[in-house]
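Everything below concerns the one structure shown next.
The values are calculated or read from the model by the stated rules, or taken from the named source; none is laboratory data. Computed from a prediction, not measured in an experiment: that's the story for all the values here. Cβ placement follows ideal geometry from the backbone for every residue including glycine, while neighbour counts extend to all protein chains displayed.
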Amino acid sequence: MRSRRSSILLLTAGWVLLCPLVSADEIRFEPAVFVRPDIIEDPEPERFSVCHSHGCAEVVTTGLGSRQWQEIARLLTPPAKDAKSERIRIARAIARFEQFVGVLTNTAHDAPENGWVTQGYSMDCIDESTNTTTYLRLLAGADLLLWHRVEAPASRGWFIYGWPHSSAVIRDLSTDQLWAVDSWFFENGKLPVIVPLAEWRRGWRPQDGKISFDSQRQTTCRRA
């Protein structure tokens, strides 16, 4: 494993065939301390953690079948031609993860934001950001992300820009820009929003249900 300094130098060194210079042994995701020590930090498709019940109050271990995983992997195969295209594919992959995992963990009826559910378990933004980070790590671990690196989850708010809120984060390796991957705003299985992290930190919310992938309960995340 190369040092963080050498990783930064590699990312800024140049481009070959318009693709970022990230080799198989490069750091694929930012080490992160999850909210619970029993969350699997280096997941595999057949074994990974899923949080639910707000604030990761409950953590279960589950896994995808080979056909389910192959379906998700195909969404990023062959590789995207640029970072913008890859973000669109990432959103589709996260939505498909949620659809499969919802059935496995009884979270299929999770409502938008912190909405009330009448069946199964619900999720707040801590659950959502943790799970989305896990799904992104699964993609990165399978070398399916060519243009992005998975970072630690980010937070905003604490009453400066609204209620506290959290999101998964990816880094565009072609520009070094950070992007929020936020699956909390909509019901389970819908496309997450992917917006510049700096804009997200200022309190960004979907407007009128229109989502642009390249738009320039009070534990956390309540009407963020």
All positions within region 166-223 that are in contact with an Asp or Glu (Cβ under 8 Å, 6 or more places away or on another chain), at pLDDT below 90 and hydrophobic (A, V, I, L, M, F, W, C): Cys221
Those residues of region 110-123 which are surrounded by 15 or more Cβ atoms within 10 Å (Cβ to Cβ) and not small (Gly, Ala, Ser), in sequence order: Asp110, Glu113, Asn114, Val117, Tyr121, Met123
Residue within region 73-92 that is farther than 23 Å from Arg36 by Cβ and of a type in the set (Ser, Thr, Tyr) present: yes
Condition met for Thr77 (polar (S, T, N, Q) and touching a Leu at 6+ places or on another chain (Cβ under 6 Å)): no
Any hit, region 108-115, residues being charged (D, E, K, R) and either in a helix (DSSP H, G or I) or more than 23 Å from His165 (Cβ to Cβ) (or both): no
Subset of region 78-125 [within 12 Å of the chain's Cα centre (by Cα) and at pLDDT below 95]: Cys125
Extreme residue, surrounded by the fewest Cβ atoms within 10 Å (Cβ to Cβ), among residues of region 161-193 that are among the hydroxyl-bearing types (Ser, Thr, Tyr) and assigned to a strand (DSSP E or B): Ser166
Subset of region 74-95 [surrounded by fewer than 17 Cβ atoms within 10 Å (Cβ to Cβ) and part of a helix (DSSP H, G or I)]: Arg74, Lys84, Ser85, Ile88, Arg92
Residue match in region 57-67 (condition: over 18 Å from Ala168 (Cα atoms), crowded, with 19+ Cβ neighbours inside 10 Å and at pLDDT 95 or above): yes
Test: residue in region 42-55 that is assigned to a helix (DSSP H, G or I) and buried (at least 19 other Cβ atoms within 10 Å of the Cβ): no
Scope region 139-151; condition more than 17 Å from Ser174 (Cβ to Cβ) and surrounded by 22 or more Cβ atoms within 10 Å (Cβ to Cβ); matching residues: Leu139
Meets criteria (under 20 Å from Ala180 (Cα atoms) and among the small types (Gly, Ala, Ser)) for Ala73: no
